[in-house]
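Note sheet for the following structure.
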Amino acid sequence: MTQPPPGYGYPQQPPPYGHPPYPYPPAPVRRWWQHPALIITALIIFPPGGIALAWLSRWSQTKKIIATVLASLWFLTPFLGDPPKDPKDDAKPQATATATATAETTATPTPSASPSPSGPPSYVGQNLKQAKAAAYEAGYNAISHDASDKDAGQWDDDNWKVCFQNSAAKKVGSMPTLDFGVVRNEWPCPATDGEPIPYPKMPKVVGQTFEKASTTLKPLALKAIEADSAYTDVTLPASVDDWTVCFQDPEAGKEIEYPQTTTAYLKVTAPGTACPKTEFTELHPDPTPPSTGDDESDGSSSSSSGGSSRSGGDSSVATVTPGAFCSTPGSTGVSKKGVAYTCKGPGQERWRR
């Protein structure tokens with residue numbers, strides 16, 4: 001007995017519930033304008049055309065929307081920036097600025113001390129330590145040398161200033177190198193690199209009042225300006241601005257190499273009082289004591305002229321010169337005239353009454 005075929009006795013179901021008819025229908029053919037590579041290229045190069053091709057392709061709805069958004073942003077981005085400026089807007093201001101600069105240059109022609117834009121900045125006049133730091137920030141190494149004829153070493157860069165600047169003959173490392181010609185901060189620069197320093201000279205202030213002399217000496221930046229009495233037996237008041245200078249130290253014309261450690265001593269006299277002919281002079285000297293017969297007979301005196309001691313009771317006191325400098329404050333002495341003096345101030349100790 002033979003087996004009945006499958007589905008025997010059951011009604012045949014139409015598609016899609018039944019088996020599809022055979023042979024299967026062929027798949028639709030993809031057109032050349034539906035190729036993904038072409039669509040992506042069009043989206044980048046010409047976004048409007050690429051968007052059209054994307055919607056005609058077999059892509060899913062989600063892919064078509066994403067491609068449309070991205071291509072639209074890509075296409076509109078250049079138009080969202082600032083509009084280009086009209087060249088006519090800048091023509092007049094630029095012409096005006098150029099004309100103004102030209103007029104100023106013609107009216108006051110001053111040579112520029114700054115280097116060309118392609119060269120290094122100028123550090124002349126700056127402190128050496130600061131100049132080296134600024135040069136390094138600008139891309140330059142720096143070395144220094146004494147700009148005078150003394151060839152001194154720069155042990156502390158902070159004590160020197162730049163007078164001259166040149167390119168070094170030999171680089172230090174891989175960076176271009178500058179060579180600074182320097183002098184100490186308190187010294188003036190020489191006329192050219194390697195020449196002697198033109199040290200300031202002490203001006204003549206004799207005959208001026210102390211106030212005017214102090215003003216004259218102020219540019220030297222001395223350590224101090226001190227007043228002293230031109231007469232050894234005259235004490236100075238608190239203010240001597242109107243007193244006249246009779247003697248000065250340092251003398252006029254002397255070069256001041258180290259003003260920061262130099263003190264000017266000015267000996268003054270009161271208004272209406274003439275200056276003494278020499279230093280260490282008394283305004284009111286003691287009268288000369290009369291000589292005794294004993295001094296004439298034996299040739300001896302109460303005090304020797306060579307600075308020996310003199311008898312006076314049970315003590316011996318040295319012979320001193322009034323107004324001369326002394327080294328032991330409080331010590332006493334007697335002049336040739338027999339007047340007692342004490343080693344004391346004000347100022348530097350001298351033999352004073």
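The condition of being over 32 Å from the mean Cα position of the chain (by Cα), within 27 Å of Thr321 (Cα to Cα) and among the charged types (D, E, K, R) does not hold for Asp241. Can you say whether Val245 is assigned to a strand (DSSP E or B), under 30 Å from His145 (Cα atoms) and out of contact with any Pro (no Cβ under 7 Å at 6 or more places or on another chain), as far as the supplied structure shows? Considered against the rule, which asks whether it is assigned to a strand (DSSP E or B), under 30 Å from His145 (Cα atoms) and out of contact with any Pro (no Cβ under 7 Å at 6 or more places or on another chain), Val245 comes out as no.
Inspect all residues belonging to segment 44-58 and state whether any of them is of a type in the set (S, T, N, Q), free of Cβ contacts under 8 Å to residues at least 24 places away in the same chain and touching a Gly at 6+ places or on another chain (Cβ under 9 Å). So that I can check it myself, show each step before the final result.
We begin by selecting, within segment 44-58, every residue of a type in the set (S, T, N, Q); these are 57.
Now drop any that are not free of Cβ contacts under 8 Å to residues at least 24 places away in the same chain, which leaves 57.
Now drop any that are not touching a Gly at 6+ places or on another chain (Cβ under 9 Å), which leaves none.
The answer is no; no qualifying residue exists.
Residues in segment 155-191 that are open to solvent by 60 Å² or more (accessible area, probe 1.4 Å), closer than 14 Å to Pro120 by Cβ and either at pLDDT 95 or above or part of a loop (DSSP other than H, G, I, E, B) (or both): Lys171 alone. Within segment 204-224, the set of residues being more than 27 Å from the chain's Cα centre (by Cα) and either part of a helix (DSSP H, G or I) or surrounded by fewer than 17 Cβ atoms within 10 Å (Cβ to Cβ) (or both) comprises Lys204, Val206, Gly207, Phe210, Glu211, Lys212, Ala213, Ser214, Thr215, Thr216.
Only one of the numbered conditions (1) open to solvent by 70 Å² or more (accessible area, probe 1.4 Å); (2) closer than 30 Å to Tyr265 by Cβ; (3) in contact (Cβ under 8 Å) with a residue 40 or more places away in the chain; (4) out of contact with any Gly (no Cβ under 9 Å at 6 or more places or on another chain) is violated by Pro198, and that is (3). Report yes if Thr288 is open to solvent by less than 80 Å² (accessible area, probe 1.4 Å), hydroxyl-bearing (Ser, Thr, Tyr), in a loop (DSSP other than H, G, I, E, B) and modelled with pLDDT under 95, otherwise no. Answer is no for this residue. A Cβ distance below 6 Å, combined with a sequence gap of six or more or placement on separate chains, defines the contacts here; from segment 270-284, residues that are closer than 17 Å to Glu211 by Cβ and at pLDDT 90 or above reach residues that are in a loop (DSSP other than H, G, I, E, B) and aromatic (Phe, Trp, Tyr) in the pairs Ala270/Trp243. Among the helices (runs of 4 or more DSSP H) confined to segment 37-154, the ones with at least 1 residues that are modelled with pLDDT of 80 or more and open to solvent by less than 90 Å² (accessible area, probe 1.4 Å) are located at 47-56, 61-76, 128-137.
The values are calculated or read from the model by the stated rules, or taken from the named source; none is laboratory data. This is a predicted model, so every value here is computed, not measured. Neighbour counts are summed over all protein chains in view; Cβ atoms, including those assigned to glycine, are modelled from backbone coordinates with ideal geometry. Remember, those area values only see protein heavy atoms, side chains included, never the ligands or the DNA or RNA. Shrake-Rupley method; radii C 1.70, N 1.55, O 1.52, S 1.80 Å.
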